[in-house]
Every structure is written in structure tokens, then in C-alpha cells.
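To start, the structure under review is shown below, and the notes come after it.
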Amino acid sequence: MTPQPLNSLAGIILSLQSGDSVPYSRLSASVRKQAQSLFDTGALVVERKGGGRVVVVKNSIALNGFIAAMYPGGLFATDIEGEGNRTRGVRLHGDSKKTGIMDMEIVVFRAAFPAPPFLTGRHDGLTLSSFILSKKAGASFNGLVATVENHEQFAKFDWEAKGFNAVILTSGRASNRLIEWLASDSMKGAQYTHFGDYDPVGLDEFARMYAKLGERVRLFVPHNIEALFAHSKLKLVTDSGKMLFRLSALRHPDIDRVIRLMQEHGGGLEQESLLL
């Protein structure tokens, strides 16, 4: 397969390096923005040719410096077997974020099995463990599974007393990859309960899961939630009018109940209130 330029600007630079001029019209607005420093430093200039304009190389040393800084792995898109997206971004662009999201993530969970012998200290309740989730690797759980946003809730809540077989830490918003895994065939034997903050963002996170999992997932709403809302905070609902309107349109009874409590108390409730 013939190597392809890493992006549009790389293709234009390759054409210029071969000694050709490039029609200025070939540079889109986004490419012109990326190449602005090349024009500012005089590496490239725009000249008249016939009835139009072309881009030519004026300072090859400055151009080579730009290439070394912006394309440390060269101007062609090359793949290395087994290389992760973030590593590829560093190799090709000098920036791990340039090639998109990671192609794997570490999932931390607690589940009902004996604690490994290398764990020290006191570990009450479900054992802590982790695994790598990717297109090629994952895990499978059956029974009642909780998803929980916050670390202290994950660590200290009495999950066994509530009948959970496993608990998955999402560390805030779950990735799309994680939710896809929850909905996959490998997890078809699981029923989910989501533990999050009782505020617009927390409800929106549950709504994301509900959109994918349907009635397989429910929102944990404690029997004493009305009393717990005495600890609500105003800033948790500030500037969330549009989100609340969208959530209300879902007509989900648990979401509607929490929204009413937020409106009555003028604030949202953090999930750590469940530990009080």
C-alpha cells in the first residue's frame, strides 16, 4: 500500500518539497490556519501565476524546522502493530491527544471473590481489582452490578448489604467504551444500578446509561432521599436550565422525582450523602 500523507497540510508540504508549486485554492481555511506560522516566518510565500495564486517554498531551512516540530514521525501516516493511539500521537505529532481517544482503559471494580494474598491492611466487603478494557479484552459479570461515580462511595459503601455482586467505578462520567461494554453480550447476565450525584450532571450520566441499557439499569434513590436533601448545594444546579429541560422530557419517574427535589430545595445533592 502506498504511504499516505499524515494530513492535508502534510500532503501540501510533500508536493512543495518535490519542487512543485501548489495552487493557493488547495489550502482550506483549516489548513491555512495550521500553516500560518510558515507564512509568518517566510518559509512559504504566495505568488501570482497566470490568472491565480500559488504557494511556493521560500525558506527551506524554516520549512524543515516546522516539519521537525510538527511532524516528528515524518509526513507520512505509518502504523506500528500493537501501538496505542496515544503513543501514536506522540510519535507522529509530538502530542498524545492528536490521534483521538485511547484504544483501551483501566476498569477498577469490586466483586465477590477472595482477596489476593498480596493485599495488605484491612479490606472490608467486596474485593478490589481491575482489568484492561479494549476491543480485544474485557470481563464478564453476572447478577446485580452497581456503577458508581465517586471514589469514596465506591470504597466505603456497604455493597454486600445491598446485595450487589460487583461494583464498577466510573470516576465521574463513564466513557462511551465502558457503556458499550455494559450493553455487550459479555454482560448480558447483569442488571445495573447507577449511583451518582443527585444533580443535573449526575442525572444526565444516568440518562446516558438508560439510553443504551433501557430497563436493565435503574437509578439508586434511597428511601430517605427527601431528608438527605437537607444537605443540598445551590451551585450543583447553577446554569443547568437547558439540561434539566432535556432531562424532564425523558419522562423517567426517578429522574422526575430528583428534579422535583432539586427544585423544592434549590440545589443538588452529592452522592457521598449516602454515607452519612
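The values are calculated or read from the model by the stated rules, or taken from the named source; none is laboratory data. None of these values were measured; they are calculated from a predicted model. Virtual Cβ from ideal backbone geometry, glycine too; neighbours counted across all protein chains shown. Note: areas computed on protein heavy atoms with side chains; ligands, DNA, RNA excluded. Shrake-Rupley method; radii C 1.70, N 1.55, O 1.52, S 1.80 Å.
Multiply the residue gap between Glu105 and Ala211 by 0.36 nm, knock off their C-alpha separation, and tell me the result in nm, one decimal place.
Values: separation 106, 0.36 × 106 = 38.16 nm, distance 2.21 nm.
Extra length available between Glu105 and Ala211 comes to 36.0 nm.
Computing the accessible area with a 1.4 Å probe over protein heavy atoms, can you report the carbon and sulfur percentage for the chain?
Roughly 53 percent of what the probe reaches on the chain is carbon or sulfur.
Do me a favour and compute the ellipsoid semi-axes for the stretch 220-271 from its Cα gyration tensor, root of five times each eigenvalue, largest one first, whole Å. Don't skip to the end; give the middle numbers.
Working: eigenvalues 59, 43, 11 Å².
The equivalent ellipsoid of the stretch 220-271 has semi-axes of 17, 15, 8 Å.
Spin-label point model (7 Å from Cα, Cβ direction): what's the Leu144 to Ala112 distance in nm?
0.9
Roughly how many Å² of Lys162 are accessible to a 1.4 Å probe, to the nearest 10?
Result for Lys162: roughly 110 Å² accessible.
Compute the label zone of Arg53 within the stretch 1-33: residues whose backbone N is under 15 Å from the point 7 Å along Cα-to-Cβ.
22-33, by backbone N distance to the label point.
Only Cα pairs within less than 10 Å get springs; with that Gaussian network setup on the chain, which residue of Asn59, Asn165, Asn150 has the largest fluctuation?
Asn59
Test of understanding: what is the full-extension gain from Gln191 to Asp40, defined as 0.36 nm times their sequence separation minus their Cα-Cα distance?
48.5 nm
Which whole-number percent is the relative contact order of the chain (Cα, under 8 Å, 6+ apart)? Numbers along the way, then the final one.
Working: 394 pairs, mean separation 32.6, N = 276.
Relative contact order here is 12 percent.
Give me the number: length gained by fully extending Ala29 to Ala227, i.e. 0.36 nm times residue separation minus the C-alpha to C-alpha distance, one decimal in nm.
Details: separation 198, 0.36 × 198 = 71.28 nm, distance 5.62 nm.
65.7 nm is the gain from fully extending Ala29 to Ala227.
Please report the accessible area of His151 (heavy atoms, 1.4 Å probe, ligands and nucleic acids excluded) in Å², nearest 10.
Surface open to solvent at His151 totals about 110 Å².
Along each principal axis of its Cα atoms, how long is the stretch 128-212 end to end? Whole angstroms, biggest number first, please.
Its Cα atoms span 34, 27, 20 Å along the three principal axes.
Based on Cα positions only, what radius of gyration and what Dmax would you give for the stretch 141-188, in angstroms?
Calculated on Cα positions, Rg and Dmax stand at 11.2, 30 Å.
Can you compute the equivalent ellipsoid semi-axes for the chain, i.e. the square root of 5 times each eigenvalue of the Cα gyration tensor, sorted largest first and rounded to whole Å?
Numbers: eigenvalues 527, 127, 51 Å².
Each semi-axis is √(5λ); the values are 51, 25, 16 Å.
State the antiparallel share, in %, of DSSP beta bridges confined to the chain, rounding to the nearest 5.
Working: 24 of 37 bridges.
Restricted to the chain, the bridges split so that about 65 percent are antiparallel.
Using the structure shown, select from Lys136/Lys156; Lys33/Lys135; Lys33/Lys136; Lys135/Lys212; Lys188/Lys233 the pairs with a Cα to Cα distance greater than 27 angstrom.
Among Lys136/Lys156; Lys33/Lys135; Lys33/Lys136; Lys135/Lys212; Lys188/Lys233, the Cα-Cα distance tops 27 Å for Lys136/Lys156; Lys33/Lys135; Lys33/Lys136; Lys188/Lys233.
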